[in-house]
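Heads up, the thing below is written out as structure tokens.
Derivation of every value follows stated rules applied to the coordinates shown; laboratory data play no part. Please read these numbers as outputs of a predicted model, since none were measured by experiment. Counting neighbours? That spans all protein chains shown, and the Cβs are built from the backbone with ideal geometry, glycine included.
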Amino acid sequence: MISAKPFNYPYDGNLDARKTALIVVDLQEDFLSTTGYFARQGYDPAPLRAILPAVNQLIAACRDAGIQIIHTRQGYREDLADMTPYEKWRRQRSGLEGTTALLRSSPGFQIVPELDVRPQDIIVDKTCNSAFTYTDFEHVLRAQGITHLLFTGCTTDVCVHTTLREACDRNFQCLTISDACASGDQYAHEAALHMVTVENGIFGALTDTEAVLEGLEKLGKPTK
């Protein structure tokens, strides 16, 4: 088990690497670069970049334990055919009309090079905050027999939390790793983490990187 609050994870004590995935949400240039979408909105990407060492530690430990790594990327088609009128209006209002911000054809869509991404990792591309909306994310999880999700990435209060909430509603067992998630708004980050634990873990459990590493070390290496 992994030490967490308000209960140790998973709740039934049955941590099975073959049924577990590490979810790495939207660690892309558009969010972490000083010239990307996030910075253009007036947010400091430094807190997002600061979690990269922890995320890489988790990726390495999960790979060693036989846990699947799944990355998500958020962005729209180059022709904007998948962008609603409201989203286009927000884009114009933010001064992004005519730019390549959040477009899948742009360099900003790519996962930052500092992150350890391997060919065997799964990548899910999305247009919405949730990785479940209009994607094959849930189908991939079910096809792989995955029932337990470990959450990292950005931003804690938006894409991480939206995906986490939907995962809980779909009966996945969820663990949010506090120091491997980040937001440009510290108050929102802390509130989102607190919300995981309310009502005796309504959105699963909350822990930190050290506790996950300790739990995975006890789990041992996968058997062939």
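Put a plus charge on the Cβ of each Lys and Arg, a minus charge on the Cβ of each Asp and Glu, and nothing anywhere else: the dipole of region 77-213 about its Cα centre is then about 420 debye. A Förster radius of 45 Å combined with the Cβ-Cβ distance from GLN41 to ASN14 puts the calculated FRET efficiency at roughly 0.60. In the calculated pair-distance distribution of the chain, the portion above 30 angstrom amounts to 20 percent of the Cα-Cα pairs.
Between ALA143 and ALA188, 0.36 nm times their residue separation minus their Cα-Cα distance comes to what?
On the way: separation 45, 0.36 × 45 = 16.20 nm, distance 3.39 nm.
Gain on extension, ALA143 to ALA188, equals 12.8 nm.
Taking 0.36 nm per residue of separation and subtracting the current Cα-Cα distance, fully stretching the chain between ASN200 and GLU217 would add 3.4 nm. For each pair in LYS126/LYS218; LYS19/LYS218; LYS5/LYS218, compute the distance between the two Cα atoms and list the pairs where it is over 24 Å. Result: LYS126/LYS218 exceed 24 Å.
Using bins of 5 Å that start at zero, the share of Cα-Cα pairs per bin across region 24-112 amounts to 3, 14, 20, 21, 17, 11, 8, 5, 2, 0, in whole %. Among VAL140, LEU115, ALA101, pick out the residue whose Cα is farthest towards the positive end of the charge dipole of region 84-180, where Lys and Arg carry +1 and Asp and Glu carry -1 on C-beta, about the Cα centre. Positive-end residue among those listed: ALA101.
Size of region 93-224: Rg and Dmax of its alpha carbons, in Å, are 16.3, 54. Along the Cα-to-C-beta direction of ARG63, a point sits 7 Å from the Cα; which residues of region 115-140 have their amide N less than 12 Å from that point? Those under the cut-off are 115-122.
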